[in-house]
Amino acid sequence: MNHQRSVRISKYLAKHLRHEPERIGIVLDAQGWVPVTELIEAAERHGFPFSRAELEAVVAGSDKQRYALEGGRIRANQGHSVRVDLGLPPAVPPGRLFHGTVARSVAAIREQGLRPMSRHAVHLSPDRETATRVGARRGKAVVLTVDAAAMHRKGHVFRVSANGVWLTDRVPPEFLRFPG
């Protein structure tokens with residue numbers, strides 16, 4: 001499978017496993033899972049056919065491990081705008097985590113902190129490099145440092161997704177360090 005086809009399938013999965021399952025007539029269970037056969041049949045009905053082998057190759061080849069295949073079902077590991085319970089237990093975060101954003105968002109973040117916006121949780125990266133890549137998707141990246149240890153001591157709950165993304169409800173401004 002060529003790279004372009006792989007990217008198209010991955011974007012299709014993101015759209016329908018994270019944001020609009022109803023658009024192709026699939027129903028995610030409470031934890032975000034859908035049977036692979038239902039997904040493949042729905043995609044074919046809606047004019048975007050792909051094989052199970054292509055699906056498995058996209059999941060296995062995802063550098064960010066966006067999806068999980070378990071038995072005969074699949075789900076997105078995080079980033080949902082539809083309500084799902086990923087069943088992730090609370091976890092003790094490392095001392096520092098990072099968040100990639102862009103300059104135009106910094107003023108609002110200084111005032112309000114990090115909020116989940118259209119997602120169910122704020123996404124934090126375990127290292128500066130990953131946060132830089134995340135922020136660069138929308139322009140020149142600005143990387144914020146989160147004092148996760150202090151947040152945890154104050155009772156904020158953290159969870160870590162299957163692909164290493166740290167999730168929390170919000171990050172108040174007092175726990176953020178801004179560059180420069």
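Cβ contacts < 8 Å: first residue in the same structural domain as THR130 (by TED's automatic domain parsing), restricted to the range 157-173; second residue buried (at least 22 other Cβ atoms within 10 Å of the Cβ) and hydroxyl-bearing (Ser, Thr, Tyr), any location; separation 6+ or different chain. Result? Here the result reads VAL157/THR168; PHE158/THR168; ARG159/THR168, each pair linking the range 157-173 to a residue that is buried (at least 22 other Cβ atoms within 10 Å of the Cβ) and hydroxyl-bearing (Ser, Thr, Tyr). Give me the residue from the range 37-68 that is of a type in the set (A, V, I, L, M) and surrounded by fewer than 16 Cβ atoms within 10 Å (Cβ to Cβ) and, out of that set, nearest to the chain's Cα centre (by Cα). Only one residue tops the list, namely ALA60. Among the residues of the range 58-94, those that are farther than 14 Å from ASP29 by Cα, in contact with a helix residue (DSSP H, G or I) (Cβ under 7 Å, 6 or more places away or on another chain) and outside any loop (DSSP other than H, G, I, E, B) comprise VAL58, GLY61, TYR67, LEU69. The criterion of at least 1 residues that are closer than 23 Å to ALA68 by Cβ is met, among strands (runs of 3 or more DSSP E) falling completely within the range 121-180, by 122-124, 158-160, 166-168. Just one of the numbered conditions (1) under 22 Å from PRO116 (Cβ atoms); (2) part of a loop (DSSP other than H, G, I, E, B) is not true of GLY47: (1).
In this structure, does SER81 turn out to be of a type in the set (S, T, N, Q) and in contact with a His (Cβ under 6 Å, 6 or more places away or on another chain)? Taking the combined requirement at face value, the residue satisfies it.
The values are calculated or read from the model by the stated rules, or taken from the named source; none is laboratory data. Please read all numbers here as calculations on a predicted model, not as lab measurements. We place every Cβ from the backbone using ideal geometry, glycine too, and count neighbours over all the protein chains shown.
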